[in-house]
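Notes to accompany the following structure.
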Amino acid sequence: MSNSDAASALLTAINLDRFPEIEARHNPDVLFNSFRGPTLRGSVNVGDWHREFLSEYADCSYGDVETLEDGDAVACRATIEAKAYDWRAFTQRVLEVMDFEEGGIENRRLYGMLRDVEFDKPANAAMDNAKGYRGGSASATKRTVEAAFTALLASDFEAAKPHFHDKSVVIDGVYGLASGFDKIAAHLAAVPQPAFGVARATVVLASDHDAVVEVAIDPTRPRAAHWVRLVDGKVIVIETYWMLREIGVRYDVTYDRDRHARKVILPI
């Protein structure tokens, strides 16, 4: 089984609430970071986390899955469909990055957007353009994305601009959407940053026309991950996913509640 197949099998196990299989697909000493927290070490703890997760995300299913494999790492971008504490349906876009060792998951990082993010017209058009594109090469994609993010993270927007498509967009599940490079530059400059430390790209994975870039200030504390889409060798879409707890989003306060019990109300 390839690493991509193993990653897909994990998502299937999550969809079907197969908790023993979820646990078995992680190495015993796995390190798991999730947007909800906390940071976990060990497959047993990861299995317990999923029991709680799937009780709060009722009828959870991973759909619209895209997979990118580069070496021993696999990234999966997906849209979760589930029901909240009040049983109302919601969607949430997530990005999983998994490092494999001897067929099992050794490190796993789960980033997310806020729930029910809606795309505007430029974002939908750019996504359609990107998903319909079939050219490119992994090596060229990696060079372009590394150059673009080196410039972006240094706030050198003039150096970054040549790497962007005329109709480029940023889809940020927390701080909003921006279209056109000038608005993208203003958007990125306005995203709050910690008082200390410098953001750096810690991982870059690439396929023919897609890439994943993980960014952190402290490498042991994942902060953000970007799914980057290219058309004709230029960046057209950046989807930004956050380790929400790392940027101060209290997920338990924002969303999680005790689930309402479903009861039959009998007449008096």
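At a glance:
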{"item": "Count - residues of region 156-166 that are surrounded by 14 or more Cβ atoms within 10 Å (Cβ to Cβ) and not in a helix (DSSP H, G or I)", "result": "2"}
{"item": "Test: residue in region 175-186 that is touching a Phe, Trp or Tyr at 6+ places or on another chain (Cβ under 7 Å) and open to solvent by less than 20 Å² (accessible area, probe 1.4 Å)", "result": "yes"}
{"item": "Conditions (1) surrounded by 18 or more Cβ atoms within 10 Å (Cβ to Cβ); (2) in contact (Cβ under 8 Å) with a residue 24 or more places away in the chain; (3) over 30 Å from Gly71 (Cβ atoms); (4) of a type outside the set (Phe, Trp, Tyr); number of the one not met by Asp172", "result": "(3)"}
{"item": "Where Ala13 falls short, out of the listed (1) buried (at least 18 other Cβ atoms within 10 Å of the Cβ); (2) in a helix (DSSP H, G or I); (3) hydrophobic (A, V, I, L, M, F, W, C); (4) in contact (Cβ under 8 Å) with a residue 40 or more places away in the chain", "result": "(4)"}
{"item": "Scope region 85-98; condition buried (at least 18 other Cβ atoms within 10 Å of the Cβ) and not β-branched (Val, Ile, Thr); matching residues", "result": "Gln92, Arg93, Leu95, Glu96, Met98"}
{"item": "Candidate set: region 112-134, residues that are in a loop (DSSP other than H, G, I, E, B) and within 19 Å of the chain's Cα centre (by Cα); chosen: the one surrounded by the fewest Cβ atoms within 10 Å (Cβ to Cβ)", "result": "Glu118"}
{"item": "Matching residues in region 135-154 - criterion: being in a loop (DSSP other than H, G, I, E, B) and surrounded by 14 or more Cβ atoms within 10 Å (Cβ to Cβ)", "result": "Gly136"}
{"item": "Single unsatisfied condition, Asp72 versus (1) within 19 Å of the chain's Cα centre (by Cα); (2) surrounded by 15 or more Cβ atoms within 10 Å (Cβ to Cβ); (3) farther than 16 Å from Leu110 by Cα; (4) not basic (Lys, Arg)", "result": "(2)"}
{"item": "Residue pairs meeting the criteria (Cβ under 7 Å; at least 6 apart or on separate chains; first in a strand (DSSP E or B), in region 98-109; second aromatic (Phe, Trp, Tyr))", "result": "Glu106/Phe100; Arg108/Phe32"}
{"item": "Residue ID - farthest from Arg245 (Cα to Cα), chosen from residues in region 16-48 that are of a type in the set (D, E, K, R) and in a helix (DSSP H, G or I)", "result": "Glu21"}
{"item": "Given (1) buried (at least 22 other Cβ atoms within 10 Å of the Cβ); (2) among the aliphatic types (A, V, I, L, M); (3) over 16 Å from Tyr111 (Cβ atoms), number of the condition Ala190 does not satisfy", "result": "(1)"}
{"item": "Test for Val44: is it at pLDDT 95 or above, touching a helix residue (DSSP H, G or I) at 6+ places or on another chain (Cβ under 6 Å) and among the β-branched types (Val, Ile, Thr)", "result": "no"}
{"item": "Any pair with Cβ under 6 angstrom, 6 or more apart, that starts in region 194-219 at a residue that is in contact (Cβ under 8 Å) with a residue 60 or more places away in the chain and ends at one that is of a type in the set (Gly, Ala, Ser) and crowded, with 24+ Cβ neighbours inside 10 Å", "result": "Leu205/Ala75; Val212/Ala75; Glu214/Ala225"}
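This table checks each residue for (1) under 28 Å from Asp128 (Cα atoms); (2) not charged (D, E, K, R).
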| residue | (1), (2) |
| --- | --- |
| Arg25 | no, no |
| Pro28 | no, yes |
| Gly37 | no, yes |
| Tyr62 | yes, yes |
| Thr67 | yes, yes |
| Arg88 | no, no |
| Val97 | yes, yes |
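The values are calculated or read from the model by the stated rules, or taken from the named source; none is laboratory data. Quick caveat, the model's predicted, so the values are computed rather than measured. As a convention, Cβ positions derive from the backbone with ideal geometry for all residues, glycine included, and neighbour counts pool all protein chains shown. Remember, those area values only see protein heavy atoms, side chains included, never the ligands or the DNA or RNA. Shrake-Rupley method; radii C 1.70, N 1.55, O 1.52, S 1.80 Å.
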